[in-house]
Amino acid sequence: MADAIHVNGLVKKFKHFTLGPVDLALPQGCVMGLIGENGAGKSTLINLLLGLKRPDEGSIEILGQPAQSDSAALRQQIGVVLDIPGFPSVMRAAEIGKLLSAGFPGWDGEKFRSLCEEFSLPQKTTFGNYSRGMKMKLSIAAALAHDPKLLILDEPTGGLDPVARDEILDLFYNFIQSPDRSILLSSHILSDLEKICDYIAFLHEGKILLQGEKDGLKETYGLLRGSRSEIDALPEEAVKGLRKTESGDEALVLRRYCPQAEPVTLEELMVYLLRYAKGE
Amino acid sequence: MKKIWALVQGDWLNLWRSSKVIFGMILLYEVIYLLAGEGWIFLSVLSVALGGMLSYTSLGYDERSGWNRFILTTAYSRKDYVLGKYLVALMGTIGGGVVLALVGLIADLTGKVPLESGLVLMAGPMACGTLISLSIVLPLAFYFGIEKARLLNMLVIFLIFAGAGGMAGVGGSAMEEFPSLITGLNFILPVVTVCLLLLSGFLSVRIYQKRQF
């Protein structure tokens, strides 16, 4: 299976922060969730993928083409939602659609209109007067309206209520039904990623801490709740995170050493690996 | 060209909705001028220079909304975006010049100010001066961002118009003696302006293609 995104040895240096080296592969037809704490480098990575920043080292291929090529044909195949939806604040949805339609040869005006209707976006209100949720919905409608092969989404469900989030996840789920379509999705709402992602890439301080199939990660790790003596009985390499509470200890463990460990959520995995990592 | 034109239309819609007060002020001052027949220097600056500077205003709106960043993720190219801003600058300046010339003609027809007083004749040099200043400042705006470029803009405008004023003072007597100098300047100024504008456009495209967000 070809990769929709292939990142190799990517490094971007700033004065007080370095992203990378990052190696990442998103197979076509799959959804990858990009997770990590604030400042971990998720948005920087997305900016690099979109050609908004240039790498200092390494390479990025998107749909088989170099990401930095400034190729209109490549961007035609990518739908983007940025963390700050950047449409002119005095324009209405239909005017934004018209502006984007001239830039995208494959723009489907009818699809854009129907998505705006589906999201109940007011047609007479200007973008600047939309709520945060409405702005994100319009961005998503714009990202989907030119029939892209890849969606790159930076916090697309941020600011949305649970019902709206569910509605949007359904849209993404429908989008991904075609085997040549893929999604890279960055979000702090890990329950959303649990629902839709096939792969997870976990960024921490600019580096990939974990990457793999979501189900594989959840099979690899588990939560053991018990006494300190039970946890201490496990081999040292089995315990990846330890949390001490008044009611007992909890440990993130490798399930191959401890099959009775309970399934772990992405949120628990992230919290244990960051906050309660063993030895820190 | 279709893409650039779509961007320009978007820019004008954006400017019209966001800057109605500025357009209203220009119109009001032009009416006052037509009634009073005085203040043509301020009027020419207001019409032409402000018309050209609408391109900065447009860049400022884009930076504030994030449109300048988002558009680079669409199938519009960086070149489309930059050239669109140059077209807005050109349209604003020429539009301002046309308005100025029309106001001058109306003032003449209504007997308020005769054409010889120079308002109509000022439209061309004023437009050239504005475009020369835009040619210098727009590459800086694409490099540094609009807020820093606005400060530089004031300096560039001051230097250009003070320089032009100084040259007019020094060369004024020579021009009176040799009227062919005026004819020569009338030819040279537009040529210099077009050359600078083309060079500036090329430079801005190169700058923007390397800019990171």
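Here, each number is a calculation from the coordinates, and none is a lab measurement. Predicted model, so just to flag it, every value in this text is computed and none were measured. Cβ sites come from the backbone with ideal geometry, for glycine too, and all protein chains shown count toward neighbours.
Listed by chain and number, the lysines whose C-alpha is less than 29 Å from the C-alpha of B:Lys112, apart from same-chain residues fewer than 8 away, are B:Lys20. Taken about its Cα centre, chain B carries a charge dipole of roughly 1240 debye when the Cβ of each Lys and Arg holds +1 and the Cβ of each Asp and Glu holds -1. Note on chain A: Kirkwood hydrodynamic radius from all Cα pairs is 20.2 Å, rounded to one decimal.
The phi-based Karplus calculation (6.51 cos²θ - 1.76 cosθ + 1.60; θ = phi - 60°) puts the 3J(HN,Hα) values of region A:263-271 at x, 10, 8, 4, 5, 5, 4, 5, 5 Hz, whole numbers, x for Gly and Pro. Each other residue within a Cβ distance under 15 Å of A:Ala164 adds +1 if Lys or Arg and -1 if Asp or Glu, for a net charge of -3. Between amide H atoms placed 1.01 Å from N, distances below 5 Å from A:Asp249 occur with A:Gly226, A:Arg228, all of them 5 or more places distant or on a separate chain. Charge dipole (Cα centre; +1 on Lys/Arg Cβ, -1 on Asp/Glu Cβ; no other charges) of region A:35-161 amounts to roughly 400 debye.
For chain B, the Cα gyration tensor yields ellipsoid semi-axes of 32, 21, 14 Å (square root of five times each eigenvalue, largest first, whole Å). Could you tell me how many degrees, from 0 to 90 and to the nearest 10, lie between the Cα long axis of helix B:78-109 and the main elongation axis, the longest principal axis, of the Cα atoms of chain B? Orientation of helix B:78-109: about 20 degrees from the principal axis. Alpha-carbon geometry of region B:59-126: the Rg and the Dmax are 18.5, 55 Å, given in that order. Place +1 on the Cβ of every Lys and Arg and -1 on the Cβ of every Asp and Glu in the protein assembly as shown, take the dipole about the Cα centre, and give the residue among B:Gly52, A:Gln77, B:Gly111 whose Cα lies farthest towards its positive end. It is B:Gly111.
With contributions of -39500 (n - 2.57) from each DSSP H run of at least four residues, the per-residue ellipticity at 222 nm computed over the protein assembly as shown stands at -17500 deg cm²/dmol.
Summarising the amide proton neighbourhood of A:Lys207: residues at separation of 5 or more, or on other chains, whose placed amide H is nearer than 5 Å comprise A:Gly20. Restricting the calculation to Cα atoms, region A:1-84 yields a radius of gyration followed by a Dmax of 12.5, 38 Å. Tell me the net charge near A:Gln68. Cut-off is 15 Å between Cβ atoms, A:Gln68 excluded, with +1 for each Lys or Arg and -1 for each Asp or Glu. Once all neighbours under 15 Å are counted, the net charge is +3. With the charge dipole of region B:2-210 set up from +1 on Lys and Arg Cβ and -1 on Asp and Glu Cβ about the Cα centre, the Cα lying farthest toward the positive end among the listed residues B:Leu189, B:Phe144, B:Ser133 is that of B:Phe144. Extension gain, B:Lys20 to B:Phe144, is 41.9 nm, computed as 0.36 nm per intervening residue step minus the present C-alpha separation. In this structure, the amide hydrogen of A:Ile183, modeled 1.01 Å from its nitrogen in the peptide plane, lies closer than 5 angstrom to those of A:Cys30, A:Val31, A:Met32, A:Leu151, counting only residues at least 5 positions away or on a different chain.
3J(HN,Hα) along region A:176-192: 7, 5, 7, x, 9, 10, 9, 9, 10, 10, 9, 7, 8, 8, 5, 5, 5 Hz, from the Karplus curve 6.51 cos²θ - 1.76 cosθ + 1.60 with θ = phi - 60°, whole Hz, x for Gly and Pro. The modelled label-to-label distance between B:Leu151 and A:Lys13, using points 7 Å beyond Cα along the C-beta direction, is 2.9 nm.
In order along region B:207-213, phi translates into HN-Hα couplings of 5, 5, 5, 9, 5, 10, 10 Hz, rounded to whole numbers, per the Karplus curve 6.51 cos²θ - 1.76 cosθ + 1.60 with θ = phi - 60° and x for Gly and Pro. Can you compute the charge dipole magnitude of chain A about its Cα centre, using +1 on each Lys and Arg Cβ and -1 on each Asp and Glu Cβ, nothing else charged? Give it in debye, rounded to the nearest 20. That gives a dipole near 800 debye.
Note on A:Lys15: aspartates and glutamates with a C-alpha under 18 Å away, same-chain residues under 8 apart excluded, are A:Asp56, A:Glu57, A:Glu205. Here region A:146-221 was treated as a single set of alpha-carbon atoms; its pair distances binned every 10 Å from 0 give 16, 49, 31, 4 percent. Mind counting lysine pairs for me in region A:109-230? Cα separation below 26 Å, and the two need to be 8 or more apart along the chain or on different chains. For region A:109-230, the number of qualifying lysine pairs is 17. Only Cα sites of region A:82-169 enter the Debye sum here, all with the same form factor; the resulting log10 I(q)/I(0) across q = 0.11, 0.12 1/Å is -0.26, -0.31, listed in q order. For B:Lys3, the lysines whose Cα comes closer than 18 Å to its Cα, not counting residues fewer than 8 places off in the same chain, are A:Lys98, B:Lys79, B:Lys85. Pair-distance distribution of region A:217-274: all C-alpha pairs, bin width 5 Å, starting at 0; shares per bin in whole percent are 4, 22, 36, 25, 11, 1.
Mind pulling up the Rg/Rh value for region A:53-119? Radius of gyration and Kirkwood radius, both on Cα.
Details: Rg = 14.8 Å, Rh = 14.2 Å.
Expressed as Rg/Rh, it is 1.04.
Computed from the Cα positions only, the extents of the protein assembly as shown along the three principal axes stand at 105, 46, 45 Å, in decreasing order.
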